[in-house]
Amino acid sequence: MAVNLELVKYLIENHVTILAHPVDGRLKDLYALFCMYLQQWAGKDQETPSYGEFHEDLVLIAQVVQGAIGVVRDGIFPEGEQLEYVNVTPLKYLVNRFHPGYYPLREQVATQGAECAQATLLERLTNALETRIETPSTQALSRLEELLACKLASFRLARERVKQTVPYAPYIPTCKDLQHSSILSTVAYISNNKIVSLQKEKLFKADKEYPGLLQCIQSHIHFIPNLKPQTDLSLGDCSYLDTCHKLNSCRYVHYLQYIPERLMQAVEQSVNKLNETQEKNRRIGFYTHGDCCSSVVKSILPPQWIKCDVRKFDFTILGKFSAVIADPAWNIHMNLPYGTCNDNELLLLPLDILQDEGLLFLWVTGRAIELGKESLMNWGYKVINEISWIKTNQLGRTIVTGRTGHWLNHSKEHLLVGLKGDPEWLNKQIDIDLIISSTRETSRKPDELYGMVERIVGTHARKLEIFGRDHNVRPGWFTIGNQLTGTCIHELDVKRKYENFIANSRRQNDARSFDYREDMPSKGQYNKQIYLQQQQHHSKQMPAMKASQYVTTTYRSNI
């Protein structure tokens, strides 16, 4: 019977792993590992032995090379046998007997040691670091690392679905040539901070002097300086540009955006064609993970909103949501055109009842980052990420001056992402943690966030925005806040609960006002009480005088 050399090689190269935990030398586990080794590394033609054949090969190796391996039995059953030790040196001699020079022996090691002794310490260290030892164990480890680093098919499918179904937005590049802007400022007719027309004769003449000007105008956005009598060019651009509230008196340079109407129409037509294809793809339910099974035919709910004081609102009316966005008015010690809440009021909000599992997006200021994280933890969330909104101005540049910040100018805002529970239906790793968007009204956040949330939780998932305003209202979302106009509810269950809440609030207010009226005295009692109080006060202030004087005084006063 021939010795199984593959088993001998496996014992030599993996003896440390075999004897260590969790294998601990158990022959059953060793047999399973050896079979995997044969299937992956020894070739597909190699036949996998049975456990009996494997056991016989081990016994033969122990007989041929005595003292090379030691097998002990733990218990009365053969399955309890274990490999106690492995002596590598005699096993190497056995392999070299059939394949001379396969493993280096003492003479070869001594020769290599003499060569290494002549090299410097740096050379020996460099050679050791550069030399990669390829063994079945290292190969299996590298294969395992590649397997763990490989993205799941759900990630790739979710990204592909986004590419094929999300609508495109119009995009027109911006001209970066400052000379074009200065030329357009001389040919543009501006009235009431609007570009009325361009003087064609001057424009054609400028195109001859600067070839390519007309072509650039027809394909790019241009920002024309809006120069006024009070404008001082030496001061540079205004920090607020198109959001400046003193546009008619500001001495800094402002700009007006110019886009040819023909260019706008061409871009809209091309985008509409692309979106038609995207809509057709959306109606093909080729991948529905994280979305309802009827998303292909199901329509999105219309916008819903409730005007209320969030601090006094009963959140149990709304039900459960997959995603929640909260934009509280943090107190940042500035004069703001809206009311703010102190930290305690925000911490006491019962946001923990809105979700069993899902995501909560909390906008925070620089001062309130740690407070926001503490609030999320109190509500039962784990902070898993932080999204940064990089603010850009009208010209598409980052904001660096004239904004908020005590020590450095704040050019971004922070959005904390909290996770509650373990939702398996989330679509992960689709978007990045950056939003680059221009500023608009005070405290208005970028609309790109809504698309990001919908891609994560699904288009038809229930989504709530707290502290919203009229511009935050949108299909598929429920918005609450005290700056909304009226109330609009389409979900019948929520509408019924809200009507009961309003009726109970009115009854409580009526009861309080009735109790207050009962405590008030009647009209006659009230007048008499006031008269007695006045007389008592008058008697204390009046000095002692004779009756005649009193009568005279009273008579004269009556006159």
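Structure notes:
- The set of residues in region 234-268 being farther than 22 Å from L198 by Cβ and exposed (fewer than 11 other Cβ atoms within 10 Å of the Cβ) consists of S234, G236, H245, K246, N248, S249.
- Complete set of residues in region 272-290 that are under 30 Å from D422 (Cβ atoms), without any contact (Cβ under 8 Å) to a residue 12 or more places away in the chain and of a type outside the set (S, T, N, Q): G285
- So D356, is it surrounded by 16 or more Cβ atoms within 10 Å (Cβ to Cβ), part of a loop (DSSP other than H, G, I, E, B) and at pLDDT 90 or above: no
- Scan of region 229-254 for residues that are touching a strand residue (DSSP E or B) at 6+ places or on another chain (Cβ under 8 Å) and either free of Cβ contacts under 8 Å to residues at least 12 places away in the same chain or assigned to a helix (DSSP H, G or I) (or both), ordered by number: L233, L235, L241, D242, C244
- Residues in region 313-327 that are small (G, A, S), under 17 Å from I456 (Cβ atoms) and in a loop (DSSP other than H, G, I, E, B): S322 only.
- Looking only at region 279-306, and only at residues there that are outside any loop (DSSP other than H, G, I, E, B) and surrounded by 15 or more Cβ atoms within 10 Å (Cβ to Cβ), the one that is modelled with the lowest pLDDT: R282
- The one condition in (1) closer than 24 Å to D291 by Cβ; (2) modelled with pLDDT under 90 that K412 fails to fulfil: (1)
- Some residue of region 187-210 being assigned to a helix (DSSP H, G or I) and within 42 Å of the chain's Cα centre (by Cα): no
- Residue match in region 474-482 (condition: part of a loop (DSSP other than H, G, I, E, B), of a type in the set (V, I, T) and either modelled with pLDDT of 90 or more or outside the structural domain of K391 (by TED's automatic domain parsing) (or both)): no
- Number of residues in region 455-476 that are touching a helix residue (DSSP H, G or I) at 6+ places or on another chain (Cβ under 7 Å) and on the phi < 0 side of the Ramachandran plot: the value is 5.
- Residues of region 378-401 that are over 17 Å from the mean Cα position of the chain (by Cα) and surrounded by fewer than 19 Cβ atoms within 10 Å (Cβ to Cβ): N378, G380, T392, L395, G396, R397, T398, V400, T401.
- Any chance I217 is under 41 Å from the mean Cα position of the chain (by Cα), surrounded by 11 or more Cβ atoms within 10 Å (Cβ to Cβ) and of a type outside the set (D, E): yes
- Number of positions in region 415-436 that are in contact with a helix residue (DSSP H, G or I) (Cβ under 6 Å, 6 or more places away or on another chain) and not in a loop (DSSP other than H, G, I, E, B): 3
The values are calculated or read from the model by the stated rules, or taken from the named source; none is laboratory data. Treat the numbers as computed from the prediction; the structure is a model and nothing was measured. Note that each Cβ is placed from the backbone with ideal geometry, even for glycine, and that neighbours are counted across all protein chains shown.
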